[in-house]
Amino acid sequence: MPFDPTLLAQARHVVVFTGAGVSAESGIATFRDKLTGLWEHFDPAQLASAEGFRADPPLVWGWYQMRRAGIAQATPNPAHLAIAALTARVPKLTLVTQNVDDLHERAGSPDVLHLHGRLDAFRCLDCARPADGPVALPEDALQGRRIEPPRCTRCAGPLRPGVVWFGEMLPEQTLERAFDAAQQCDVLLSVGTSGVVQPAASIPRLALAAGATVVHVNPQPASEGHAREFALAGKAGEVLPQLMRQAFT
Ligand code: OAD
């Protein structure tokens with residue numbers, strides 16, 4: 001049986017849980033898609049761990065500034081806009097993202113729960129003090145060159161991006177809010193995620209177990225293992241606007 005869009009229109013609390021796929025149509029590379037995925041070309045151990053950063057700070061800093069420059073050039077796509085529009089159509093919406101970009105915010109979504117941190121929040125690797133002010137983005141950062149990280153004004157340690165690296169804890173309160181929302185919602189839309197990185201990946205399962213309907217939006221076939229679990233196959237920028245039209249017109 002296909003997903004009934006009126007369930008979305010009637011929901012009191014919707015959780016939208018997004019991954020890299022929601023930003024793919026804005027030109028931001030995902031992590032695991034073949035050929036275009038970031039981890040196809042780069043080594044996560046080197047670029048997404050504190051050890052990798054300590055081993056070669058200019059390489060890792062330069063890589064994150066390149067991603068930051070790509071995101072700065074990108075604009076929200078119809079998927080981000082549909083999610084922002086959904087916020088205004090249901091009594092309560094909790095937006096939980098694994099993405100470190102700010103495209104949901106720029107599309108108009110308020111209060112985004114960033115489970116894996118943000119690329120534009122910086123802190124000291126050594127003493128964790130947040131950067132004093134905005135950190136300038138070098139004009140040629142998009143070229144992906146080695147860049148020496150700025151130094152902490154308190155202890156002179158290198159600044160690091162405020163993203164969650166492998167082996168690090170997720171922000172505790174943010175994760176708690178996301179888990180609570182998953183267990184209280186009526187409908188959870190899981191958009192553009194491979195669902196392999198824990199603990200974030202358990203969010204749709206938590207919602208299902210608590211009685212919600214779960215809808216996966218992804219061009220890749222997704223599991224429909226449960227009677228309340230549905231897959232809408234396609235690109236988020238096409239599927240979500242269509243779902244909005246079906247649910248609200
Ligand atoms: P992945 O790269 O693992 O998965 C992206 C998903 O998006 C795949 O299932 C694709 O099929 C799907 N996809 C691609 N294009 C799409 C489109 N136009 N519309 C909808 N879906 C599309 O990315 P995540 O699941 O977000 O962690 O990865 C989870 C975490 O792994 C990331 O947050 C990152 C990474 O290591 C950290 O940075 C801590």
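Side notes on the structure shown:
- For residue 122: the one exception among (1) over 17 Å from residue 19 (Cβ atoms); (2) in contact with an Asp or Glu (Cβ under 9 Å, 6 or more places away or on another chain): (2)
- Close pairs (6 angstrom Cβ cut-off, 6 or more residues apart or separate chains): farther than 19 Å from residue 174 by Cα in region 190-211, away from the ligand (no atom under 13 Å from the Cβ) and among the β-branched types (Val, Ile, Thr) anywhere: 208/214
- Pairs linking a residue in region 98-111 that is within 17 Å of residue 200 (Cβ to Cβ) and at pLDDT 95 or above to a residue that is more than 16 Å from the ligand (Cβ to nearest atom) and of a type in the set (A, V, I, L, M), with Cβ atoms under 8 Å and 6 or more positions apart or on different chains, are 104/84.
- Residue pairs whose Cβ atoms lie under 6 Å apart, separated by 6 or more positions or on different chains, with the first residue in region 54-65 and more than 17 Å from residue 157 (Cα to Cα) and the second not in a helix (DSSP H, G or I) and not hydrophobic (A, V, I, L, M, F, W, C), are 64/161.
- Residue check, residue 63 within 11 Å of the ligand (Cβ to nearest atom), within 20 Å of the chain's Cα centre (by Cα), aromatic (Phe, Trp, Tyr) and assigned to a helix (DSSP H, G or I): no
- Checking each residue in region 98-157 for being part of a loop (DSSP other than H, G, I, E, B) and among the polar types (S, T, N, Q) picks out 98, 99, 109, 153.
Conditions tested, residue by residue: (1) within 16 Å of the ligand (Cβ to nearest atom); (2) buried (at least 19 other Cβ atoms within 10 Å of the Cβ).
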| position | (1), (2) |
| --- | --- |
| 159 | no, yes |
| 192 | yes, yes |
| 240 | yes, yes |
| 246 | no, no |
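- Test: residue in region 18-37 that is within 10 Å of the ligand (Cβ to nearest atom), loosely packed, with under 15 Cβ neighbours inside 10 Å and closer than 14 Å to residue 194 by Cβ: yes
The values are calculated or read from the model by the stated rules, or taken from the named source; none is laboratory data. The structure displayed is predicted, hence computed values, not measured ones. Please note: Cβ atoms are built from the backbone with ideal geometry, for glycine as well, and neighbour counts cover all protein chains shown.
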